[in-house]
1. Exactly one of (1) assigned to a helix (DSSP H, G or I); (2) closer than 26 Å to Ser137 by Cβ is unmet by Phe56. Its number?
2. Of the conditions (1) in a helix (DSSP H, G or I); (2) surrounded by 15 or more Cβ atoms within 10 Å (Cβ to Cβ), Glu148 fails just one. Which one is it?
3. Examine segment 123-136 for a residue that is open to solvent by less than 70 Å² (accessible area, probe 1.4 Å), of a type outside the set (Gly, Ala, Ser) and under 22 Å from the mean Cα position of the chain (by Cα), and state whether such a residue exists.
4. Are any residues in segment 155-205 surrounded by 14 or more Cβ atoms within 10 Å (Cβ to Cβ), outside any helix (DSSP H, G or I) and at pLDDT below 65, and if so, which ones?
5. Considering segment 16-53 alone, what residues qualify as being open to solvent by 40 Å² or more (accessible area, probe 1.4 Å) and assigned to a loop (DSSP other than H, G, I, E, B)?
6. In segment 99-144, what count of residues is obtained for those that are within 19 Å of His58 (Cα to Cα), among the acidic types (Asp, Glu) and either in contact with a Ser or Thr (Cβ under 9 Å, 6 or more places away or on another chain) or not in a helix (DSSP H, G or I) (or both)?
7. Of everything in segment 54-69 that's under 14 Å from Phe81 (Cα atoms) and among the hydrophobic types (A, V, I, L, M, F, W, C), which residue is most open to solvent (accessible area, probe 1.4 Å)?
8. Among the residues of segment 145-154, is any at pLDDT below 95, over 27 Å from the mean Cα position of the chain (by Cα) and within 27 Å of Leu30 (Cα to Cα)?
Amino acid sequence: IFIAEALVNGVSVIVHCSDGWDRTSQTCALAQLLLDPFYRTIQGFQALIQKDWLTFGHKFTDRCGFVAGDPKETSPIMTQFIDTTWQLLRQFPAAFQFNEKYLVDIHDHVYSCQFGTFVGNCERERQELRLAERTYSLWGHLTNSADEYINPMFDPTNSSNEVLTPSTLPQNILFWRGLYSRYEAGLQQTRGPEVIDLLTLTQISTASLEDHAKHLSRRVDGLRSMISSNSKATAGVVKKFLPSMVNITAGVANIAGGGSSSPRSIQNSSEQQQAKSSEMDK
């Protein structure tokens, strides 16, 4: 908060701790969250971690204890940063584009090693391990599932130029049950769902129903065009088929009448036969 206030007042700030890769990353990243609304978006928060944590040289392998090493090097520095971000999200729910699930998933994958994003203590180690070639990036995975991380209370119009001033009173700093107690069934039942969680579920369900309605609308339009084309094709076949049917019907009628001649021609032939027979009698 001090860094953000100093920068707002036009004072230059230099931040450095004993080594420069733990508290420096924490304080600088949090100050930028307070100052710049871009870093409160899904893409911006990824850029913030990539810039101030990964590129800056935070020792993820040592601090998270990925491999056996000096236990004194292990420390939940990144967990503290994620927790502090959640405290800000809780105090300013309309200022963040992402929700609690987004923070939980990032925290889980910091320790899961399922992606190569947080493996290694610095950029040099990641290049030597060729992680870009041999592993997948967590950011691509999160981007593909971005709909799950949208905060329904996010209001970009009101928070676009807002500098956050959080309260640090002890009663406003809460225990994050959604992270630390999520696997304890008893606490989850007594806790009950948060309003923001219900809004998120409602938003996801609404989006799913809208997508299904669009799919049904496209199917109806396709059936209409299919019926229309079939109707035109059927009409053309009937028009071509009707003249041949008329000829066939006339032929059948002639055969049923005793020949292919008309009644008038049959009458004329009978009269000619009667005249020939009378001449022979004569």
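The values are calculated or read from the model by the stated rules, or taken from the named source; none is laboratory data. Please read these numbers as outputs of a predicted model, since none were measured by experiment. Glycine also receives a Cβ, built like all others from the backbone with ideal geometry; neighbour counts cover every protein chain displayed. For accessibility, only protein heavy atoms count, side chains too; no ligands or nucleic acids. Shrake-Rupley method; radii C 1.70, N 1.55, O 1.52, S 1.80 Å.
1. (1)
2. Exception for Glu148: condition (2).
3. Checking segment 123-136: not a single residue is open to solvent by less than 70 Å² (accessible area, probe 1.4 Å), of a type outside the set (Gly, Ala, Ser) and under 22 Å from the mean Cα position of the chain (by Cα).
4. Answer for segment 155-205, where residues must be surrounded by 14 or more Cβ atoms within 10 Å (Cβ to Cβ), outside any helix (DSSP H, G or I) and at pLDDT below 65: just Glu194.
5. The answer is His16, Ser18, Asp19, Trp21, Asp36.
6. 2
7. Cys64
8. Scanning segment 145-154 turns up no residue that is at pLDDT below 95, over 27 Å from the mean Cα position of the chain (by Cα) and within 27 Å of Leu30 (Cα to Cα).
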